[in-house]
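The values are calculated or read from the model by the stated rules, or taken from the named source; none is laboratory data. Since we're looking at a predicted model, the values are computed, not measured. Cβ atoms come from the backbone with ideal geometry, glycine included; neighbour counts cover every protein chain shown.
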Amino acid sequence: MISFEAARAKVIEIVSARVCAAERETIDLSVAPAAALGRILAENVVADRNYPPFNRSIRDGFAVCAADLAEPGAKLRLIAESRAGVAFDGTLSPGECVRILTGAPVPRGANAVVMHEYTREEGDFVTFNQTARPGQYYVLAGAEARVGEVVVPRGARLGYAELAVAAEVGHARIEVGRRPRVAILSTGDELVSIDGAPGPFQIRNSNNVSLAAQVALAGGMPIDIGSAKDELAELRAHIERGLQSDLLLLSGGVSAGKYDLVEKVLQDLGAEFFFDAVAIRPGKPAVFGRCRDTFVFGLPGNPVSTMVTFQLFVTPAIDVLGGARPRPLPLLEANLTKTLHEKPGLTHFLPAHFEWTGISPEVCPLTWQGSGDIAALTRANCFIVVPADRQDIPAGEKVSVLPRLDVI
Ligand code: AMP
Ligand code: MG
């Protein structure tokens, strides 16, 4: 059985080897800027001019020639003002200074900005009680980006900073990759739809809802294809529908029970499997394979297992299918506030609450009833990752924490 790290690496390796350039869509930032958030850039965004376009002051004060301030106490004639949007277009001569505001162009002839806190203004003259270093308090034209330089590369995930840069350089119509289509299919004779009335031994299909949310969060387009009974023909028909997408997620039916038929049906359809168990709890029976050119995950049906295995294995697959580099697993470190006793052999993911109230982050494991306990998850904002070789971890020790990215 492979470790979760090896399983993740396998997913990334296999999907990367097969993926071809995704179709593109155009998003107009001037119409719907937030629609581009989280999308994967399908082209390079290039600087249309130098940034900053002029030597830009980063302080309020006076633009000077540093050589004029060789000694503290120098007095210079105030000849003009340069503010953001309204520049002084003249040239500074020796013995002169220009009032300058943050964001304004530094005039020709000046090579330093002195903060107004270190000056005294009297009539047309300003006295400087400090010397100045050439180059201080302004950014040289082109220091942030040169004209023609790639400022956001193809494959980048568009966050608020990337969108701001695209806006800054006037790249309003952005080409992004189409979101990977991710079919979601639950399996189980016990399932009814969420608007149905469950019988005494039935449960509502909540996994299709959590999976749709996780797919959207990961950057995919969820396609709900409902649920199938634990019965070969029905399962096969549903899986065949799911295989029309870029990725098929199945929940349930991957354990070793008599009614766990997912692997059998996939096998009958000619699937190739890359792993069919991972050394984790919850989530051990997770399966990853490919069937008729569609990647398939069989995730265990217990809701917390489904959620954990999605975050570990499906997220990187969606990254790669969408044309992005896989995001690293966002593990944090925190001080454990309660002693843990876990069975060794598997890496455990325990629902927990992470908080940073004092001088260091702390994490508290929560009471839960195992991988069927979705209610416990609503009190958790992360999972503590307990390594397979650790049985007892005393309170106060640092542990790895996997945040729930939807709530942190
Ligand atoms: P399985 O992996 O098929 O053995 O499912 C394990 C357990 O997870 C089932 O007994 C159900 O209690 C629960 N379960 C399975 N599928 C779903 C689902 N779609 N929504 C909510 N709970 C589920
Ligand atoms: Mg089942």
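Numbers below:
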| read-out | value |
| --- | --- |
| Filter pass, LEU299 being surrounded by 20 or more Cβ atoms within 10 Å (Cβ to Cβ), in contact with a strand residue (DSSP E or B) (Cβ under 8 Å, 6 or more places away or on another chain) and either over 17 Å from ARG404 (Cα atoms) or modelled with pLDDT of 95 or more (or both) | yes |
| Every residue from the stretch 166-217 that is in a loop (DSSP other than H, G, I, E, B), in contact (Cβ under 8 Å) with a residue 40 or more places away in the chain and out of contact with any Ser or Thr (no Cβ under 6 Å at 6 or more places or on another chain) | VAL169, GLY170, HIS171, ARG178, ARG179, PRO180, GLY188, ASP189, SER206 |
| Qualifying position, being among the aliphatic types (A, V, I, L, M), more than 26 Å from VAL139 (Cβ to Cβ) and at pLDDT 95 or above, among ALA35, ALA80, ALA67 | ALA35 |
| ALA271 vs. criteria more than 26 Å from VAL385 (Cα to Cα) and out of contact with any strand residue (DSSP E or B) (no Cβ under 6 Å at 6 or more places or on another chain) | no |
| Count of the stretch 171-227 residues which are of a type in the set (A, V, I, L, M, F, W, C), surrounded by 15 or more Cβ atoms within 10 Å (Cβ to Cβ) and more than 16 Å from ligand 2 (Cβ to nearest atom) | 13 |
| Residue in the stretch 254-269 that is surrounded by 24 or more Cβ atoms within 10 Å (Cβ to Cβ) and part of a strand (DSSP E or B) present | no |
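So that you can scan it fast, the table gives a plain yes or no per residue for (1) near ligand 1 (Cβ under 10 Å from one of its atoms); (2) touching a Gly at 6+ places or on another chain (Cβ under 9 Å):
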| residue | (1), (2) |
| --- | --- |
| VAL209 | yes, no |
| ALA218 | no, yes |
| ASP230 | yes, yes |
| SER245 | no, no |
| LEU248 | no, yes |
| GLY252 | yes, yes |
| SER255 | yes, yes |
| TYR259 | yes, yes |
